[in-house]
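What follows draws every value from the coordinates through simple rules; no lab data is involved. These numbers were taken from a predicted model, which means no experiment stands behind them. So basically every Cβ, Gly included, is an ideal-geometry build from the backbone, and we count neighbours across all protein chains shown.
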Amino acid sequence: MTGIQTRDKLFIGGAFVAPSTDRTIEVVSPATGQVIGRTPEAGPEDVDRAVAAARKAFDEGAWPRTDLAERIDVLRRFLGLYAARMQETGVQIASEVGSPIQWSLRAQAGAPAAIMDYYLTMAPDFAWEREVPGAGRPVRVRQEPVGVVAAIVAWNAPHFISFSKLAPALVAGCTIVLKVSPENALSSYVIAEAAAEAGLPEGVLSVLPADREPSAYLSRHPGVDKVAFTGSVAAGKSIMASAATNLARVTLELGGKSAAIILDDAELDRAIPALMPHLIPNNGQVCISMTRVLAPRSRYAEIVEGLADQFRAMVVGDPLDPATTVGPLVSERQRERVEGYISKGIAEGARLVVGGGRPAHLDQGWYVEPTLFADVDNSMTIAREEIFGPVVVVIPFDDDDDAVRISNDSDYGLHGSVFSADEQRALAIANRLRTGNVGINGGGLSFAAPFGGYKKSGIGREFGIEGLQAYLESKTIYNSTRN
């Protein structure tokens, strides 16, 4: 993308309007460190306007009371307009975040459309009303929209995360204020423009680029009924505390330190290539990255060397180059954070096998080499804390029980995997892992299945029926009328 893109309006209540302040966001390319765009930054008054518009649209407008088929028609138009800009969106987010373009086109731009399509397809068959037995007469149970939703999304996969909230909430009949990170301020306009062109009713959706203070203000706003947040554990705790002031419902999708267990009977020529896409996707800036690899002591050296060969073959470079497999981190601050963890790993006695520095052939941008550590104990900082960069550790284990113990010895419980030639053995281990998602001999994601984590990885679930139910309230109607 060339030139500096400039926006001067915010999308509030279905229209592009002047912001309340003259504060701006500068979007910086992580590949060059240069400014690539500027947008307004939403302030408290803009949040107030957006929540008021959403409140009015929910309390007085037609959207929550519109026939489901009509809502689906509007959202199909929205989806079509969004999907038509998939190439543009993939390039834009790659430019903002540093995602390798091939990954960005698929996950940053393609997957959001698939999420919306899933909910539009499943909604007509969902049990919006049902009857259950009562004392003499059946009791009716209705599913109704929860109300005004504050959706606060992280920068690493902005549209994927946004649509994980937008799709079920809009299908349910909620109205939404979407707060996006400064790093993704430019790409957020694709969502806003598609919504405006599709004819979403006034007040149903607002899109506000802003930093942390407006997020906190939005999460404690008395006009909000539900807060859906994706981000760090620390921010999630703050969001939850803010939402508690109004007893707003919350869904939190937080961090991870996921373990991939390679059992002693695994076929390594299959297991390692199958594992690689799940180790540091999006340059390691994904919560489900399997950054702890657990290897049996009997095959430890073999597995470390197999992973090392794969790491050395990765292509680090310009995120817009189709050959690139690892791009830059999102910011200089994030690179410094990751480099701090690498230094900590070395200081605590881990063995640096591959990487650990900045690529010699790149003299600008926020790059870190794909980094592999061996001889790691699960008590080390690099095995305990979410690094959010291209860093993977290999931890030895003695037997199946030890592998389960190490995997579960974490504050997180988001994802994981088990590799074995014996599917039943792998399944038995998967059933013992305290994590919300487990892959056997690989990984994956189904939008028809619930996604979320145990422990500090979050509260609630996204995707699947559970993801829709997160935006619904259950109403029970007892009818004692006598015939």
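Rounded to the nearest 10 degrees, what's the angle between the helix 300-312 long axis and the longest principal axis of the chain, both from Cα atoms, 0 to 90?
Taking Cα atoms only, the helix is inclined about 70 degrees.
How far is helix 68-83 tilted off the main Cα axis of the chain, in degrees rounded to 10, range 0 to 90?
Tilt relative to the chain: about 40 degrees.
So for region 259-446, what are the equivalent ellipsoid semi-axes in whole Å, largest first, each being the square root of 5 times an eigenvalue of the Cα gyration tensor? Provide the component values of the computation, followed by the final result.
Details: eigenvalues 142, 58, 47 Å².
They are 27, 17, 15 Å, listed from largest to smallest.
From Cα pairs below 8 angstrom and at least 6 apart in sequence, can you work out the relative contact order of region 62-110, rounded to a whole percent? Numbers along the way, then the final one.
Details: 25 pairs, mean separation 15.2, N = 49.
Taking the mean separation of contacting Cα pairs over the length of region 62-110, I get 31 percent.
Let me make sure I get this right: for the chain, a, b and c are the square roots of the gyration tensor eigenvalues over alpha carbons, sorted descending. Under 1.5 in a/c it's rounded, otherwise prolate if a/b > b/c, else oblate. Which is it?
It is oblate, given that a/c is not under 1.5 and a/b is not larger than b/c.
Once each part is reduced to its C-alpha centroid, what is the distance from region 184-217 to region 91-147 in angstrom?
Taking the Cα centre of each part, region 184-217 and region 91-147 sit 18 Å apart.
If you average the C-alpha positions of region 387-435 and of region 436-483 separately, how far apart do those two centres end up, in angstrom?
The distance from the Cα centre of region 387-435 to that of region 436-483 comes to 24 Å.
If amide hydrogens are placed 1.01 Å from N in the peptide plane, which non-local residues have theirs closer than 5 Å to the one on Glu41?
Residues meeting the criterion, in which the H sits 1.01 Å from N, are Arg23, Thr24, Ile25.
What is region 394-454's relative contact order, in percent, from Cα pairs under 8 angstrom and six or more apart in sequence?
Value for region 394-454: 35 percent.
Which distance in nm do the two modelled labels at Arg297 and Tyr478 give, with both placed 7 Å along the Cα-to-Cβ direction?
It works out to 6.3 nm between the two label points.
With contacts defined as alpha carbon pairs under 8 Å and 6 or more residues apart, what's the relative contact order of region 54-149 in percent?
RCO, region 54-149: 26 percent.
Between Ala313 and Glu267, what's the calculated FRET efficiency when r is the beta-carbon distance and R0 is 25 Å? Round to 0.05.
Once the sixth-power term is evaluated, E becomes 0.80.
Within region 1-25, find all residues whose amide N lies under 16 Å from a label point positioned 7 Å from the Cα of Asp321 along Cα-to-beta-carbon.
1
As an exercise, use a Förster radius of 30 Å and the Cβ-Cβ distance of Arg351 and Gln87 to find the FRET efficiency, rounded to the nearest 0.05.
Working from the Cβ atoms, E equals 0.10.
Hey, which of these cross-link pairs are over 22 Å Cα-Cα: Lys257/Lys455; Lys56/Lys237; Lys9/Lys179; Lys9/Lys226; Lys9/Lys237?
Numbers: Lys257/Lys455 11 Å; Lys56/Lys237 29 Å; Lys9/Lys179 15 Å; Lys9/Lys226 26 Å; Lys9/Lys237 31 Å.
With Cα atoms farther than 22 Å apart: Lys56/Lys237; Lys9/Lys226; Lys9/Lys237.
So what's the convex hull volume per residue for the Cα atoms of region 261-337, in Å³?
Convex hull volume per residue, Cα atoms: 109 Å³.
What number results when the radius of gyration of region 378-483, computed over Cα atoms, is divided by 2.2 N^0.38 Å?
Here the answer is 1.47, to two decimals.
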